[in-house]
Amino acid sequence: MQFAPKVYYLSNGIPVILDAMDTGLVYVSVNFNSGGYDEKPTEYGITHFCEHMFGKETERFPTKVARTEFLENNGGRVNGVTSPTYMAVYGDILAKNTDKLIDVLADELNNALFNQATIDNERKVIINELHRAMDNSERQMSEFTRTSLLGISVPDGRVTLGNEQILKSFTREQLVQHARKMMSAKNSFICISGKIYDQDALLKKLDNLFAKWSNHHVEHKQYKYNSVSYAHHSGNTRNVSINICLPGLYDDTYKNIYQNTVISTFENYLNKELMKVLRYNNGLVYGIDYDEISYGGCNIKIFETQTEPENIGKVTALMAQTMANVYNTCPVTNDDLNRFRTQTERLNELILESGETRCNTLSAYWSNYDVLYDFNKELEMVKNITTEDVIKYTRGYFENPISILTHGADYKDNLLQIWNDNFKIQTSENHMLNGLLNQNRGK
């Protein structure tokens with residue numbers, strides 16, 4: 001399927017990514033580069049609250065039901081999302097009715113009434129959403145990780161969702177002011193994937209609806225990795241979650257895209273080795289997940305799993321031994337790289353087949369790098385990775401301070417001591433030399 005997105009700019013500078021597809025649907029997303037990480041302590045939860053209010057009344061649609069029925073009658077739907085790093089309103093619709101979806105999204109953003117009665121009612125809904133999130137052990141672990149490593153603390157609450165005290169403090173004026181602050185041409189972009197009948201007419205319509213937004217500056221916070229040797233957060237769970245966290249070697253910028261892609265092959269191999277040792281060989285865990293926090297100058301790598309309290313010491317020891325062994329020996333082979341290339345090609349093909357996935361991928365890439373995602377360039381880059389590159393760009397991967405974070409059931413093991421006893425790595429120079437020797441032996 002063809003993939004040739006292009007970026008255009010409205011008269012006030014808002015970028016518009018158009019991704020033409022031969023499909024019967026169009027997916028539209030209006031994105032803001034603001035989220036929970038950018039909020040002040042007195043504002044935690046306000047971006048998410050605004051997202052909820054955008055989906056409520058306007059003069060055109062006095063109720064959410066009226067808007068929903070209008071879209072359903074035209075084969076469409078809308079929704080919104082808020083994360084620590086962004087907020088977006090989005091939807092899809094039959095391609096012949098694209099104008100109707102764009103009208104609705106623009107109406108939500110430009111004409112939301114922020115009725116006081118609706119604010120009071122939605123406040124209860126959001127507090128209920130917060131309570132459900134606080135009962136979720138995975139989200140508890142995620143919150144504990146961000147609090148520990150980034151210094152973001154929302155007492156009795158959550159990043160993005162805030163807490164009851166803060167949510168109850170928001171006035172209508174605060175919500176409206178925050179919404180208008182986000183709606184800057186310098187803080188937003190639009191992405192459209194699907195069948196585009198008349199590109200010029202579409203861009204003209206978007207300009208009429210969004211060009212009145214100003215170009216004011218929107219501040220984004222900067223963060224740094226705060227190393228925490230070890231910390232545990234007690235929770236009412238049967239298992240213990242453990243996160244092994246470390247700073248990335250390279251900032252998550254476009255100029256480092258090749259280095260970080262090379263490192264991702266190493267992380268992919270490392271994750272597979274951890275799975276083999278912990279699950280297949282020892283039956284101690286269900287799975288191993290890999291995550292990353294990249295925002296505001298901070299790039300943190302996270303390997304996470306969970307197990308029973310009586311096994312946490314052994315899991316920690318095996319994770320330390322496995323990670324050190326992979327780092328010291330650099331065992332990634334050409335066969336491993338070929339598997340990585342094939343899986344990357346498979347994932348990219350999945351991206352091509354879905355307007356929603358294409359739009360989300362383009363949006364994430366633009367939000368991170370201000371660059372269009374290039375399907376063919378991505379594949380070519382992965383094809384060029386060599387085993388020598390893996391050795392070269394992973395030097396120092398485990399030589400920065402590692403943080404061990406756990407959440408859930410309490411346990412007696414001294415994980416920091418166990419880790420230090422089992423995690424033995426070589427210096428960058430020896431790592432490079434041993435890796436090259438191992439690769440040469442395999443030739």
ask   = If you compute P(r) over Cα pairs in 20 Å bins from 0, in percent for the structure shown, which of (i) 22, 51, 25, 1; (ii) 19, 41, 32, 8, 1; (iii) 25, 55, 20, 0 do you land on?
value = (i)
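Taking the Cα centre as origin and putting +1 on Lys and Arg beta-carbons and -1 on Asp and Glu beta-carbons, what dipole magnitude results for region 106-212, to the nearest 20 debye? Please report the intermediate quantities before stating the final value.
On the way: 15 positive and 14 negative charges, 53 e Å.
The dipole of region 106-212 has a size of about 260 debye.
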query = Round to a whole number: what % of the accessible area of region 335-420 belongs to carbon and sulfur, probe 1.4 Å?
reply = 44 percent
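In percent, what relative contact order does the chain have, based on Cα pairs under 8 Å that are 6 or more apart in sequence? Each step should come with its number before you reach the end.
Details: 762 pairs, mean separation 91.3, N = 443.
With pairs under 8 Å counted, the relative contact order is 21 percent.
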task = Any chance you could look up the accessible area of residue 25 with a 1.4 Å probe, heavy atoms only, rounded to 10 Å²?
result = 90 Å²
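List the GluC sites (Glu not before Pro) within region 326-357 that fall in a DSSP loop (any state other than H, G, I, E or B) and whose Cβ has at most 14 other Cβ atoms within 10 Å.
Working: sites: 345, 349, 353, 356; in loops: 353.
Passing sites in region 326-357 are 353.
Once you have the Kirkwood Rh of region 17-118 from its Cα pairs, apply Stokes-Einstein at 10 °C and 1.306 mPa s and quote D in µm²/s. Don't skip to the answer; put the middle values down first.
Numbers: Rh = 14.4 Å.
The estimated diffusion coefficient comes to 110 µm²/s.
Of the heavy-atom accessible surface of region 74-126 (probe 1.4 angstrom), what whole percent is carbon and sulfur?
Exposed carbon and sulfur together represent 47 percent of the surface.
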note = What helix-only [θ] at 222 nm does the chain give? Using -39500 (n - 2.57) per DSSP H run of at least 4, over all residues, to the nearest 500, the answer is -14500 deg cm²/dmol
ask   = Roughly what % of Cα-Cα distances in region 298-441 sit above 22 Å, to the whole percent?
value = 58 percent
query = In straight Cα distance, which lysines are under 28 Å from residue 314, not counting same-chain residues fewer than 8 positions off?
reply = 272, 276, 301, 412, 424
ask   = Taking Cα atoms, how many degrees apart are the long axis of helix 312-329 and the longest axis of the chain, rounded to 10 and kept between 0 and 90?
value = 80 degrees
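First check a/c for region 137-280, with a ≥ b ≥ c the square roots of the eigenvalues of its C-alpha gyration tensor; if it is under 1.5, answer rounded, and if not, answer prolate when a/b is larger than b/c or oblate otherwise.
Details: a/c = 2.32, a/b = 1.39, b/c = 1.67.
Cα axes put region 137-280 in the oblate bin.
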ask   = Taking the Cβ-Cβ separation of residue 186 and residue 124 as r and a Förster radius of 30 Å, what is the calculated FRET efficiency to the nearest 0.05?
value = 0.30
note = Heavy-atom accessible area per residue of the chain, all protein chains kept, 1.4 Å probe, expressed in Å², is 46 Å²
request  = Go ahead and run the numbers for FRET between residue 253 and residue 116, Cβ-Cβ distance against an R0 of 45 Å, rounding to 0.05.
outcome  = 0.55
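Hey, got the dipole for the chain? About the Cα centre, +1 on K and R Cβ, -1 on D and E Cβ, debye to the nearest 20?
Numbers: 45 positive and 55 negative charges, 55 e Å.
So the magnitude is around 260 debye.
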Positive-pole candidate from 303, 362, 373, dipole of region 260-405, charges at beta carbon = 303
ask   = In terms of Cα to Cα distance under 28 Å, which lysines are near enough to residue 64, apart from those fewer than 8 places away along the same chain?
value = 56, 96, 100, 124, 168, 181, 195, 204, 205, 212
Relative packing of peptides 372-379, 59-66, 81-88, 107-114 - highest average C-beta neighbours within 10 Å first = 81-88, 107-114, 372-379, 59-66
query = Hey, any idea what % of region 172-213's accessible area is carbon plus sulfur with a 1.4 Å probe?
reply = 45 percent
request  = List the relative contact order of region 107-216 as a percent without decimals, with contacts defined as Cα pairs under 8 Å and 6+ residues apart.
outcome  = 24 percent
ask   = What angle do you read, to the nearest 10 degrees and between 0 and 90, between the alpha-carbon axis of helix 64-73 and the longest principal axis of the chain?
value = 90 degrees
Antiparallel bridge percentage (DSSP; both residues within the chain; nearest 5) = 85 percent
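The values are calculated or read from the model by the stated rules, or taken from the named source; none is laboratory data. Remember, it's a predicted structure, so these values are computed and weren't measured experimentally. Glycine also receives a Cβ, built like all others from the backbone with ideal geometry; neighbour counts cover every protein chain displayed. All accessible areas refer to the heavy atoms of the entire protein, side chains included, with ligands and DNA or RNA removed. Shrake-Rupley method; radii C 1.70, N 1.55, O 1.52, S 1.80 Å.
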